[in-house]
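Reading through the structure tokens given below for one structure.
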Amino acid sequence: MDNKMFCFQCEQTAGCKGCMGAAGVCGKKADTAELQDKLTGALIGLARATEGNEALVTDTTDKVVLEGLFTTVTNVNFNNDTILELLHRVEEEKKKLVPNCYACTSSCGRNNNYDMKNLWTADEDTRSLRSLILFGIRGMAAYAYHASVLGFTDSDVNHFFYKALFAVGRDDWRMDELLPIVMEVGEVNLKCMALLDKANTETYGNPVPTEVTLTVEKGPFIVISGHDLYDLKQLLEQTKDKGINVYTHGEMLPAHGYPELKKYPHLKGNFGTAWQNQQKEFADIPAPILFTTNCLMPPKASYADRVYTTEVVSYPQLVHIGDDKDFTPVIEKAFELGGYPTEMLFTGLNGGNKVMTGFAHHTVLSVADQVIGAVKAGAISHFFLVGGCDGAKPGRNYYTEFVKQAPADSIILTLACGKYRFNDLDLGTVGGLPRIMDMGQCNDAYSAIKVALALAEAFACDVNELPLSLVLSWYEQKAVCILLTLLHLGIRNILLGPSLPAFVSPNVLDFLVENYHIAPISTPEDDLRKILG
Ligand code: SF4
Ligand code: SF3
């Protein structure tokens, strides 16, 4: 391949084909993309080295695999230094597994690192299936990582990463060998999401419905973005009684619903909308912003001096908060910038000045009888799960229009950052329930699955026979593993947009359409007509 880089893992990939120039659409430079490929190839080498050496795999080996995969998720890490450091750690782990390979003068090549160029130039169907596996486990690694930060791990989940990485490196495997592993990603990811749900709810309590203001009070404040609740908790502890307020951003919004986080009075509200608006929304913000995970965009010069990273997120020249979680530089910056001199009234994309969150499975299922009664009485006609990632494409307005045009007696369940398209709309209530219910982050997709399965059980029907339709938006790799989990559960008729993944080849798409009736979104009018008959 003559191109400097090749990456087609996210929805905004150049020309719906692949980023191949000096930098990707996300701002990832060719040398960083190359290092990320090298890191992935090294992880495949590590997975190969575990064969027959399973007993030598330790928590440290698992940790480096999770970090290595999470680091390569879109909008997480743009920093060559951290990728090089990870590469070194992967080699160290491999040395422990196969020390003789490093001293061997006539290498058999069995534990070699993999050259990702072989994957990117493979025939399009096997490339497609191996990409589904790779991108799926990159997303799943993010979930497993968040759970592990809270002390929750699952050996089945951890073992599977090696199996899947091994498969990604098999140039000789075809559809028959790869397809079962693609489906297994979905199966194992269900376990992984259940683990994360357990980690979050046992640590911070079950989310409760919570109204979140978009108004920012006067005085020093900190904005915290990303998905990591542990980081938020540490920040809230360190800013307690200091005269600093904390505002969530992007995927951190659902944190307001957790009892152990909402108890802090200085966790005040939410600032801004979804990730793709950050360069505009942060342009003149008089406060520091802390990124705990994706989605970080290359910061503009106007605010780069106030962006901080932690965990696996990193960007050259930004201050990175290490494992000691000492947020002093962020706190000092908040005092230095001082915040707004008076209260600032912000609104969401539709003019609303507050949003609701906290409708995770525990809350929704605690009113299951009310929900079932309202459906049986005809008060609720349909449920739509309109959720997933947001992004920059203009076509994403579809989701706002879809929600606006959904019948007045329907309920919109939502999750992830795509909800910012409509979460400030006041759609009132139906059957005594709010019409828009935010179930949480993309990390909480398990909540939606749990509710759907419980409803199917209550109505004694297959989940596909429920008055429930999934209208999903995707952007990065967590959406890939969630989609594979939905397929593993046999959920059909999913509408997916704004465009279909570049890494799904025509033959693989045919397979998905034939077996799962996946379809691309069209227009809200047409799709609603089709769904509601
Ligand atoms: Fe392109 Fe997306 Fe890859 Fe970035 S992550 S280089 S935008 S395909
Ligand atoms: Fe959003 Fe990045 Fe995917 Fe977590 S923050 S859903 S895009």
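The values are calculated or read from the model by the stated rules, or taken from the named source; none is laboratory data. Since we're looking at a predicted model, the values are computed, not measured. Quick reminder, even Gly has a Cβ in these numbers, built from the backbone with ideal geometry, and neighbours come from all protein chains shown.
The table below lists the values:
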read-out	value
Residue match in region 280-299 (condition: among the basic types (K, R) and within 20 Å of L214 (Cα to Cα))	yes
Tabulated pairs, region 19-44, first under 19 Å from L84 (Cα atoms) and in a helix (DSSP H, G or I), second modelled with pLDDT under 95 and within 10 Å of ligand 1 (Cβ to nearest atom), C-beta under 8 angstrom, 6+ apart or interchain	A30/G21
Selection from region 273-295 of residues that are within 18 Å of D305 (Cβ to Cβ) and not in a helix (DSSP H, G or I)	F282, A283, D284, I285, P286, A287, P288, I289, L290, F291
Residue satisfying condition, being over 24 Å from E525 (Cβ atoms) and either over 20 Å from the mean Cα position of the chain (by Cα) or modelled with pLDDT of 95 or more (or both), within set A374, A406	A374
Test: residue in region 457-477 that is of a type in the set (A, V, I, L, M, F, W, C), within 16 Å of ligand 1 (Cβ to nearest atom) and within 26 Å of F135 (Cβ to Cβ)	yes
S381 being more than 26 Å from K262 (Cα to Cα) and either out of contact with any Gly (no Cβ under 9 Å at 6 or more places or on another chain) or surrounded by 20 or more Cβ atoms within 10 Å (Cβ to Cβ) (or both)	yes
Verdict on P259 being touching a Ser or Thr at 6+ places or on another chain (Cβ under 6 Å) and closer than 16 Å to P209 by Cα	no
Hits in region 70-86 (condition: polar (S, T, N, Q) and touching a strand residue (DSSP E or B) at 6+ places or on another chain (Cβ under 8 Å))	T71, N77, N79, T82
Which listed residue is within 16 Å of ligand 1 (Cβ to nearest atom), outside the structural domain of T273 (by TED's automatic domain parsing) and modelled with pLDDT of 95 or more, from G351, G391	G391
Leading residue by the ranking (farthest from I494 (Cα to Cα)) among those in region 413-460 that are of a type in the set (K, R) and within 16 Å of ligand 2 (Cβ to nearest atom)	R421
In region 55-65, residue farthest from ligand 1 (Cβ to nearest atom) [restricted to those that are in contact (Cβ under 8 Å) with a residue 40 or more places away in the chain and over 24 Å from the mean Cα position of the chain (by Cα)]	L56
The listed residue being of a type outside the set (S, T, N, Q), more than 27 Å from P298 (Cα to Cα), assigned by TED's automatic domain parsing to the domain that holds H159 and modelled with pLDDT of 95 or more, out of E93, E34, E85	E93
Test: residue in region 99-106 that is surrounded by 15 or more Cβ atoms within 10 Å (Cβ to Cβ) and either at negative phi or of a type in the set (F, W, Y) (or both)	yes
Test result for E525, among the acidic types (D, E), touching a Ser or Thr at 6+ places or on another chain (Cβ under 6 Å) and touching a residue at least 24 places away in the same chain (Cβ under 8 Å)	no
Helices (runs of 4 or more DSSP H) fully within region 54-128 counting 1 or more residues that are among the hydrophobic types (A, V, I, L, M, F, W, C) and farther than 30 Å from A274 by Cα	80-97, 99-103, 116-120
Search result, residues across region 3-43 that are within 16 Å of ligand 2 (Cβ to nearest atom) and either more than 29 Å from R89 (Cβ to Cβ) or surrounded by fewer than 19 Cβ atoms within 10 Å (Cβ to Cβ) (or both)	E11, Q12, V25, G27
